[in-house]
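> I am attaching a structure below and will ask some questions about it afterwards.
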Amino acid sequence: MGAAAMTDDAHENGEDVTAPLLEIRGLSVSYRTRGGTVSAVRGVDLDVWPGQVTAVVGESGSGKSTTAHAVTRLLAANGTIDAGAVRFGRHDLATLSEAELRTVRGAQIGLVPQDPTVSLNPVRRIGDQVAEVLRIHGLATRRTAAAEAVEVLDRAGLSDAAVRARQYPHELSGGMRQRALIAVAIAAKPRLIIADEPTSALDVTVQRVILDHLQRLTEESGTAILLVTHDLGVAADRAQRLVVMSQGRVVEAGETRAVLADPRHEYTRRLLASAPSLITARPRTPVSTAPSGTAVPLVEARNLVKEFSLPRAGGEARTVRAVDDVSLTLQRGQTLALVGESGSGKSTTARLVLRLADATSGRVLFDGTDVTTAKGAEVRQLRRRAQLVYQNPYASLDPRFSIAEVITEPLRAFKVGDRASRLDRARLLLDRVALPAATLERRPAELSGGQRQRVAIARALALSPDLVVCDEPVSALDVSVQAQVLDLLAELQADTGVAYLFISHDLAVVRQIAHQVAVMRAGRVVEAGPPEDLFSEPRHEYTRELLAAIPGRHTTAAPEPQETKELA
């Protein structure tokens with residue numbers, strides 16, 4: 001449906017096309033916790049116009065995701081809208097019955113959640129989950145839904161969409177699962193899309209494809225997008241309007257270029273100063289001097305190959321080579337960054353190094369010892385010296401544990417210290433990842449995505465390991481905490497000599513922390529070297545594509561510039 005057709009429909013429905021599509025006025029939301037009622041959103045006013053992207057930015061816990069979820073009343077069970085109105089067209093969504101809301105959700109308002117692991121059904125194929133949306137809203141029959149679901153997956157940027165449609169969520173990478181969620185959200189061609197960190201798990205090139213598609217929706221059909229993001233580079237490139245939230249309140253709002261060029265609020269200025277996507281200067285923290293070339297590398301991967309089976313096609317068995325003849329060297333006290341698209345083999349390579357998966361061929365040496373076929377006590381020793389920070393903080397923390405139990409679990413497993421010393425260590429680690437000591441008594445479900453990831457980083461550091469594999473460790477963090485964590489990692493490296501195998505799709509982050517960078521594509525390393533060389537004179541065309549896709553290099557022009565205002 002084109003923009004003109006949508007305007008005609010709006011007239012027929014008696015709607016005012018000169019008014020915002022979504023109006024939030026005086027919204028207040030609270031959560032009931034064991035410690036009492038916590039106010040998460042306080043008197044928020046926000047407008048989203050047809051054909052525009054409105055970005056909401058702020059630190060983890062600022063209330064931006066709660067505001068977005070309150071629109072469709074998909075708050076957690078302990079969440080309550082205490083006051084305010086959420087007007088969507090002629091409806092106040094805050095007062096609609098559940099039956100009335102079901103006619104709006106999916107059909108008129110699409111939601112892209114932050115976390116694909118808990119949002120996709122693990123026992124249903126990806127294609128079936130997209131097809132279900134089409135059937136529920138009468139957009140496809142049972143016979144046509146499967147084929148149309150493949151088309152939607154293709155539109156969402158999934159390669160080999162027909163193959164992916166037959167796979168289950170656990171068979172896809174994190175980025176692929178996120179694209180499947182985006183396919184579910186856009187399947188019914190809604191008038192408003194609420195995108196809660198829709199590209200935080202995606203590499204920059206796929207991120208650009210997804211955001212380009214969402215932008216085309218706004219231009220061609222008048223679709224409005226409420227974009228919740230911690231990436232100010234993405235907001236700068238894509239949003240016409242910017243809303244900055246802190247501690248549950250809107251502190252600044254206005255046309256994006258005006259806010260970025262002349263931020264009025266101190267909090268906004270602090271966010272901009274911390275945003276790596278908008279920084280072109282040299283790294284904030286100095287990197288340590290590389291050790292002598294004669295030293296034994298901490299990690300050495302030689303000609304690693306890893307193959308996986310694919311679903312049969314035409315009765316024939318098939319395999320995919322996820323890692324193809326990869327050789328890497330990581331020195332003590334250094335950071336080696338692996339970058340590349342989702343599915344390029346970065347995380348699989350890291351799992352081979354940690355012996356969480358067995359290589360089809362090749363060798364892995366840790367501190368000069370071949371651990372490729374290690375078993376028993378040798379693997380246990382490797383586990384103590386090498387830790388992992390997972391990409392997804394929702395799936396990596398046991399929901400039954402308190403945060404104190406989560407962080408001290410490695411210490412208990414290796415019988416380090418007594419109960420009191422373990423708790424002291426946990427408090428110290430929480431402080432270093434910018435979380436209050438009171439967090440120890442909470443559970444993962446009570447924390448935001450960024451807070452959970454900080455807990456995961458603290459847990460990985462508990463045993464003072466020689467190697468930490470960081471698989472997208474800051475992708476879920478807002479920019480100010482991201483800056484703190486990157487500084488923390490650099491400080492720990494300078495103090496203890498820990499080495500990092502750092503996996504990231506964010507080249508701006510890689511530029512700040514890495515000593516060496518290896519660019520991977522289709523399971524192979526296509527280019528490697530110091531970041532200053534790769535960033536200034538990339539030799540491979542793929543590396544140049546990655547650099548060109550870094551967000552924050554330009555800002556989006558707003559159709560109707562509006563005055564920036566600062567709110568109390």
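The values are calculated or read from the model by the stated rules, or taken from the named source; none is laboratory data. None of these values were measured; they are calculated from a predicted model. Here Cβ is always computed from backbone atoms with ideal geometry, including for glycine, and neighbour counts include all displayed protein chains. With ligands, DNA and RNA removed, areas are computed over all heavy atoms of the protein, side chains included. Shrake-Rupley method; radii C 1.70, N 1.55, O 1.52, S 1.80 Å.
> So, with +1 on the Cβ of K and R and -1 on the Cβ of D and E, and no other charges, what is the size of the charge dipole of segment 430-488 about its Cα centre, to the nearest 20 debye?
Working: 6 positive and 8 negative charges, 41 e Å.
The calculation lands at about 200 debye.
> Still on this model: If we restrict to alpha carbons, what Rg and Dmax does the chain come to, in Å?
Computed over the Cα atoms of the chain, radius of gyration and Dmax are 23.8, 77 Å.
> Another question, then. Suppose all protein chains stay in the model; what accessible area per residue would a 1.4 Å probe give for segment 42-144, in Å²? Could the numbers behind the result be given before it?
Values: 4660 Å² over 103 residues.
Result: 45 Å² per residue.
> Further question: Which value, in debye to the nearest 20, describes the size of the charge dipole of segment 323-373 about its Cα centre when Lys and Arg Cβ atoms bear +1, Asp and Glu Cβ atoms bear -1, and nothing else is charged?
On the way: 5 positive and 6 negative charges, 36 e Å.
In debye, rounded to 20, segment 323-373 gives about 180.
> Within segment 373-477, which trypsin sites (Lys or Arg not before Pro) sit in a loop by DSSP and count at most 16 neighbouring Cβ atoms inside 10 Å? Before the final figure, lay out the partial values.
Working: sites: 375, 380, 383, 384, 385, 400, 412, 415, 419, 422, 425, 427, 432, 442, 452, 454, 459; in loops: 375, 400, 415, 442.
The qualifying sites are 375, 400, 415.
> Still on this model: Hey, got the dipole for the chain? About the Cα centre, +1 on K and R Cβ, -1 on D and E Cβ, debye to the nearest 20?
Details: 68 positive and 68 negative charges, 374 e Å.
Roughly 1800 debye for the chain.
> Measuring with a 1.4 Å probe in the full set of protein chains, what accessible area per residue, in whole Å², belongs to segment 173-240? Please report the intermediate quantities before stating the final value.
Working: 1420 Å² over 68 residues.
Accessible area per residue: 21 Å².
> Right, next: Does segment 143-233 classify as rounded, prolate or oblate by the C-alpha gyration tensor (a ≥ b ≥ c root eigenvalues; a/c under 1.5 gives rounded; else a/b over b/c gives prolate, otherwise oblate)?
Values: a/c = 2.04, a/b = 1.23, b/c = 1.65.
Oblate is the answer for segment 143-233, as a/c is 1.5 or above yet b/c matches or exceeds a/b.
> Let me ask something additional. Under 1.5 on a/c is rounded, so check that first for segment 339-489, then, if it is not, pick prolate when a/b is larger than b/c and oblate when it is not; a ≥ b ≥ c are the square roots of the alpha carbon gyration tensor eigenvalues. Before the final figure, lay out each step's value.
Values: a/c = 2.10, a/b = 1.35, b/c = 1.55.
Oblate is the answer for segment 339-489, as a/c is 1.5 or above yet b/c matches or exceeds a/b.
> Something else about it: Within 10 Å, count the other beta carbons around each residue, average over each peptide in 247-254, 176-183, and list them highest first. All intermediate terms of the calculation are to be shown ahead of the outcome.
Values: 247-254: 21.1, 176-183: 27.1.
Listed from highest to lowest mean packing, they are 176-183, 247-254.
> Related question: Which ³J(HN,Hα) values in Hz, rounded to whole numbers, follow from the phi angles of segment 123-131 under the Karplus curve 6.51 cos²θ - 1.76 cosθ + 1.60, where θ = phi - 60° and Gly and Pro get x?
10, 10, 5, 4, x, 5, 6, 6, 4
> Next question. Antiparallel DSSP bridges in the chain: what percent, to the nearest 5?
Details: 50 of 87 bridges.
That works out to approximately 55 percent antiparallel.
> Between residue 316 and residue 261, what is the FRET efficiency for a Förster distance of 56 Å, r being their Cβ-Cβ separation, to the nearest 0.05? Provide the component values of the computation, followed by the final result.
Details: r = 58 Å, r/R0 = 1.04.
Given R0 = 56 Å and the Cβ-Cβ separation, E is 0.45.
> Under the Karplus relation 6.51 cos²θ - 1.76 cosθ + 1.60, θ = phi - 60°, what is the ordered set of whole-Hz ³J(HN,Hα) values for segment 78-86, x standing for Gly and Pro?
Here the 3J(HN,Hα) series is 8, x, 9, 7, 8, 7, x, 10, 10 Hz.
> Give the accessible surface of segment 397-485 per residue, rounded to a whole number of Å², with probe radius 1.4 Å and ligands, DNA and RNA excluded.
Working: 3400 Å² over 89 residues.
Per residue, segment 397-485 has 38 Å² of solvent-accessible surface.
> Moving on. Rounded, prolate or oblate: which fits segment 92-139, taking a ≥ b ≥ c as square roots of the Cα gyration tensor eigenvalues, rounded meaning a/c under 1.5, else prolate when a/b beats b/c?
Numbers: a/c = 2.63, a/b = 1.55, b/c = 1.70.
Oblate, since a/c reaches 1.5 and b/c is not below a/b.
> So, in nm, how far is label residue 98 from label residue 416 when the simple model puts each one 7 Å beyond its Cα toward the Cβ?
4.7 nm
> Got a number for carbon plus sulfur as a percent of the chain's accessible area, 1.4 Å probe? Don't skip to the end; give the middle numbers.
On the way: 11890 of 24350 Å².
Exposed carbon and sulfur together represent 49 percent of the surface.
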